[in-house]
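Participant: First, the structure itself, so that you have it in front of you.
What follows is calculated from the coordinates using simple rules that are stated; it is not laboratory data. Bear in mind that the values here come from a model prediction, so they are computed numbers and not experimental data. Ideal geometry is used to build each Cβ from the backbone, glycine not excepted, and the neighbour counts take in all protein chains shown.
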Amino acid sequence: MYRFSETGRCWRLVVIGGGSAAAVQVRQGDIPPQDTLVIADRLGTGMEFLGDSTLQSYADELRLSRYEETFQLGMTGRLRPSAAQFDAYVRESLLTSGATVKSARILEIEGETGKFLLHVLNGDGRISYERAEKVVLATGSNPRTPPPAWAEAGAVAHDVVHREHAVRRTDRWADRSVLVVGSGNSAMQVASLVAPDASEVVVLGNRYVGMFPIESADKYSWRAPSQLTCELVAKSALECGRPGWHTPCVRHLVYDRLDVRDGEVMWTYRAGDNENPLGSRSLSGRCRHARGRLINGGGSAWEESRRIEDTAVVWATGCEPVLPGGALVESLARNADGAILTDECGRTSVDGIHALGACAGQRAVNETVPALVRGRLPFPEFLSGRGLPVDTEVPA
Ligand SMILES: Cc1cc2nc3c(=O)[nH]c(=O)nc-3n(C[C@H](O)[C@H](O)[C@H](O)COP(=O)(O)OP(=O)(O)OC[C@H]3O[C@@H](n4cnc5c(N)ncnc54)[C@H](O)[C@@H]3O)c2cc1C
């Protein structure tokens, strides 16, 4: 059955998503905004759940267009904007881009290059259709949710803490032990948020990432907002439980095993895995909370446990891509993390479908590059045998 689009128009490009990647595409890509339809179920950054928290990027790193005459995010005297400020900037950038912007959700994409059909779920529940020569996925990612056994025990993803903190709800973690599972910035930032109200906080990472640039040259390792948690670990190691102490008890451990069963959360850790500035200050015996049970004769590995009913567990183990449904999108080649594989022009393994931003594994706004830019491309190894022509000129 042939399904007509509401406008009867076949768009040169439909961009799906209303975040920073969509804005980068519309503002920096080669296809003019007037030939572009943006469809998003929400306009603004996917980081909006961080509310008034300061982002770790500097304002200028978050610039969405190289061509902006006045940079709307420039704030006198502040290096970093809040997530709420960036959210407003992304929205404004899309609405003033010249592209047609539609508020709706894409359920499915079918068809082939030159004639894609997009199934659109509108706000009033009506299904309509749009046609496109090319489609760009800018659909972002969501925080990873805890595995089923942990979710059943009450564990939540880290965005839940930010959302509750933004409306001053602290009952999930106030006066309780908080275990934050994860080793990146998200884990460290959640730890600093819950620390003032929790009875103790333990960050359990599968590795030690370290502070950028002192301990690691990787710019995605801990940055300024994570520094507070580092400081709390060091200060509480000196003070926790001592007369006159006032620092929340925070520890950081690289764990060996982590399990939930029989109403308890338990983890094991070894001194050898924690020979770093935070781990060495978090081992068993450091304070009244750190009471591990020795599990080897040599005295360098411990097991700790907490009763689930006294504990809040927060999952901060990264993100996974958000994608529309349908066989075509399901067939896209992915990397080990689940992100869509693309070449440097955003081409995916399906001709005519491109991707950028978090759904394509681009980790920051200033790493987000527009798809569909002119250029002669070498045939990418990973797309080999997936139907893309060799050395194609990417038409804009
Ligand atoms: C805690 C945390 C802190 C971070 N801090 C920073 C930072 O300081 N600096 C930085 O550069 N990056 C940071 N990041 C990474 C940041 O999230 C990404 O760089 C950026 O938000 C990705 O933008 P995006 O447009 O790809 O996705 P998003 O901003 O998530 O946008 C995706 C959009 O697609 C829409 N959408 C999804 N599916 C559909 C559909 N089927 N139909 C219609 N619309 C759809 C969504 O509603 C949304 O509008 C942080 C991430 C986290 C988790």
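Participant: Can you find a residue in segment 203-212 that is touching a helix residue (DSSP H, G or I) at 6+ places or on another chain (Cβ under 7 Å) and surrounded by 21 or more Cβ atoms within 10 Å (Cβ to Cβ)?
Facilitator: Checked against the condition, which is being touching a helix residue (DSSP H, G or I) at 6+ places or on another chain (Cβ under 7 Å) and surrounded by 21 or more Cβ atoms within 10 Å (Cβ to Cβ), segment 203-212 yields at least one hit.
Participant: Return the pair list, or none, for Cβ contacts closer than 6 Å from residues in segment 226-239 that are polar (S, T, N, Q) to residues that are assigned to a helix (DSSP H, G or I), at least 6 apart or on different chains.
Facilitator: Ser226/Asn185; Ser226/Met188; Thr229/Met188; Thr229/Ala191; Thr229/Ser192
Participant: Return the total of residues in segment 20-35 being in contact with a helix residue (DSSP H, G or I) (Cβ under 6 Å, 6 or more places away or on another chain) and surrounded by 23 or more Cβ atoms within 10 Å (Cβ to Cβ).
Facilitator: Matching residues across segment 20-35 total 4.
Participant: Among the residues of segment 68-76, is any under 20 Å from Gly140 (Cα atoms) and aromatic (Phe, Trp, Tyr)?
Facilitator: Among the residues of segment 68-76, not one is under 20 Å from Gly140 (Cα atoms) and aromatic (Phe, Trp, Tyr), which makes the answer no.
Participant: Residues in segment 12-65 that are under 22 Å from Pro225 (Cα atoms), among the aliphatic types (A, V, I, L, M) and touching a Ser or Thr at 6+ places or on another chain (Cβ under 9 Å): how many?
Facilitator: The qualifying residues number 4.
Participant: Just one of (1) within 14 Å of the ligand (Cβ to nearest atom); (2) surrounded by 20 or more Cβ atoms within 10 Å (Cβ to Cβ); (3) within 20 Å of Cys10 (Cα to Cα); (4) not hydrophobic (A, V, I, L, M, F, W, C) trips up Ser93, so point out which.
Facilitator: Going through (1) within 14 Å of the ligand (Cβ to nearest atom); (2) surrounded by 20 or more Cβ atoms within 10 Å (Cβ to Cβ); (3) within 20 Å of Cys10 (Cα to Cα); (4) not hydrophobic (A, V, I, L, M, F, W, C) one by one, Ser93 breaks only (3).
Participant: Trp173 is checked against (1) within 15 Å of the ligand (Cβ to nearest atom); (2) buried (at least 24 other Cβ atoms within 10 Å of the Cβ) and fails just one. What number does that condition carry?
Facilitator: Failed condition: (1).
Participant: Give, as residue ranges, the strands (runs of 3 or more DSSP E) completely inside segment 291-332 that count at least 2 residues that are surrounded by 12 or more Cβ atoms within 10 Å (Cβ to Cβ) and under 25 Å from the mean Cα position of the chain (by Cα).
Facilitator: 311-315, 319-321
Participant: In addition: If we keep just the residues of segment 62-90 that are among the small types (Gly, Ala, Ser) and on the phi < 0 side of the Ramachandran plot, which is surrounded by the fewest Cβ atoms within 10 Å (Cβ to Cβ)?
Facilitator: Gly74
Participant: Related question: Please go through segment 360-369 and pick out each residue that is buried (at least 20 other Cβ atoms within 10 Å of the Cβ) and near the ligand (Cβ under 6 Å from one of its atoms).
Facilitator: If the condition is that a residue be buried (at least 20 other Cβ atoms within 10 Å of the Cβ) and near the ligand (Cβ under 6 Å from one of its atoms), then Val365 is the only one that fits.
Participant: How many of the residues in segment 130-144 are away from the ligand (no atom under 13 Å from the Cβ) and surrounded by fewer than 20 Cβ atoms within 10 Å (Cβ to Cβ)?
Facilitator: 1
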